[in-house]
Amino acid sequence: MMERVVKPEILDSLEASDPAAIRSRRDLRLINWFMRGEKWILEQLEGLGDVQKVIEIGAGDGHLASQIKEQFPDIEVIAIDLLERPAGVHSNVKWKSENVFATESFDNEAVVVANLFIHHLDNEELWLLSKKISNCRAIIMAEPHRYWFSKLLGYPLFPFVNHVTRHDMMASIEAGFRFGELAGLLDIDWHWDERAGLGGIRSIAKKIK
Ligand SMILES: C[S@@+](CC[C@H](N)C(=O)[O-])C[C@H]1O[C@@H](n2cnc3c(N)ncnc32)[C@H](O)[C@@H]1O
C-alpha cells in the first residue's frame with residue numbers, strides 16, 4: 001500500500017435515492033463516529049477563533065455542515081457537493097449543488113473544511129484545488145490514512161455495513177494519505193500541522209500572516 005491509488009467508489013455511481021446509497025451514507029455516520037474526524041474539525045474551528053465563513057467541500061449528507069452551524073450560529077456556512085440538498089440539513093446552511101472545481105465561493109475570509117472527501121481527488125486535481133483555495137484562510141481535513149493498520153481497524157466494521165461501504169472503505173484507504181504527503185500534494189505554502197490516528201490523517205494548513 002505504498003503507492004496512492006485513486007479508483008472509483010461505488011457510492012459516487014449510485015443515484016442518491018438508491019437504497020444501497022442511502023444505507024451507505026448511513027454507514028458513513030458510523031465510520032465518522034469511529035474515526036472522530038468531524039469532531040476534530042469542530043475543535044480546530046473553535047481554536048482558529050474569529051471565523052466568519054466556513055466552506056465544506058464534499059459535504060455528503062450535510063451532517064458536519066449542520067453541526068458547524070449549530071455550534072457556531074454566527075458563522076456563514078456553505079456546503080458544496082454534487083448532490084442536491086439532502087433532507088434534514090440545518091436550514092441556515094447554504095447548500096450549493098456544484099463541482100468544487102467550478103465554484104466561485106472561495107475567498108480570503110473562508111476556512112475550507114473537508115471530511116473524507118480529499119482522497120477522491122487524484123494528484124492533478126489536488127494541485128488544481130490548491131490553486132482554487134490559495135486565497136483562503138485555512139483548510140482543515142480529516143482523511144483516510146493509507147496504512148495497513150487502517151484496514152485492520154476497518155475489517156471489524158464489515159458485519160455492520162453494506163457491500164458499497166465495504167468496497168469504498170478499502171478503496172478510500174488505498175486513495176488516502178501517508179503522514180506528511182498532503183502538504184506536498186496540495187501546493188500550498190502555509191503552516192501545516194498533521195497527526196494520524198483511528199485510521200485517519202488529520203491536517204490543518206493555515207495561511208501564514
Ligand atoms: C465519501 S463522501 C463523504 C461525505 C461527507 N463528507 C461525510 O463525511 O459523510 C464524498 C462526497 O464527495 C462528493 N463529491 C465527489 N466529488 C465531488 C466534486 N468534484 N465536487 C463536489 N462534491 C464531490 C460526493 O458526492 C460525496 O457526497
Please state the charge dipole magnitude for region 121-209, taken about the Cα centre, from unit charges on C-beta atoms (+1 on K and R, -1 on D and E), reported in debye and rounded to the nearest 20. 360 debye
Two decimals is fine: what is log10 I(q)/I(0) at q = 0.13, 0.21, 0.25 Å⁻¹ for region 99-180, from a Debye sum with one equal scatterer on every Cα and no solvent? -0.50, -0.98, -1.20
Per the Kirkwood treatment, what hydrodynamic radius in Å, one decimal, follows for region 168-209 from the mean inverse distance over all distinct Cα pairs? 11.3 Å
Sparse-neighbourhood loop hits (chymotrypsin sites (Phe, Trp or Tyr not before Pro), region 42-125; DSSP loop; Cβ within 10 Å at most 15 others) -> F101
Rounded to the nearest 500, the 222 nm mean residue ellipticity computed for the chain from DSSP H runs (n ≥ 4, each -39500 (n - 2.57)) alone is -10000 deg cm²/dmol
Sequence neighbours fewer than 8 away in the same chain don't count; with that in mind, list the lysines whose C-alpha is under 30 Å from K131. K7, K39, K53, K69, K94, K96, K206, K207, K209
Taking the alpha-carbon centre of each part, the distance from region 64-121 to region 143-158 in Å is 26 Å
In terms of the alpha carbon gyration tensor, root eigenvalues a ≥ b ≥ c, rounded if a/c is under 1.5 and otherwise prolate when a/b exceeds b/c or oblate, region 32-88 is oblate
What translational diffusion coefficient, in µm²/s and rounded to a whole number, does the Stokes-Einstein relation yield for region 64-209 at 4 °C and a viscosity of 1.567 mPa s, taking the hydrodynamic radius as the Kirkwood radius over Cα pairs? 79 µm²/s
According to the square roots a ≥ b ≥ c of the eigenvalues of the Cα gyration tensor, what is the shape class of region 1-153, taking rounded for a/c under 1.5, prolate for a/b larger than b/c otherwise, and oblate for the remainder? rounded
For the chain, size of Cβ-based charge dipole, Lys and Arg +1, Asp and Glu -1, in debye: 500 debye
Shape of region 60-115 from its Cα gyration tensor (a ≥ b ≥ c, root eigenvalues): rounded if a/c is under 1.5, otherwise prolate when a/b > b/c, or oblate? oblate
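No lab work stands behind these numbers, since they all come straight from the coordinates. Keep in mind the model is a prediction, meaning the values are calculated, not measured. FYI the Cβ positions are ideal-geometry reconstructions off the backbone, even for glycines, and counts take in every protein chain you see.
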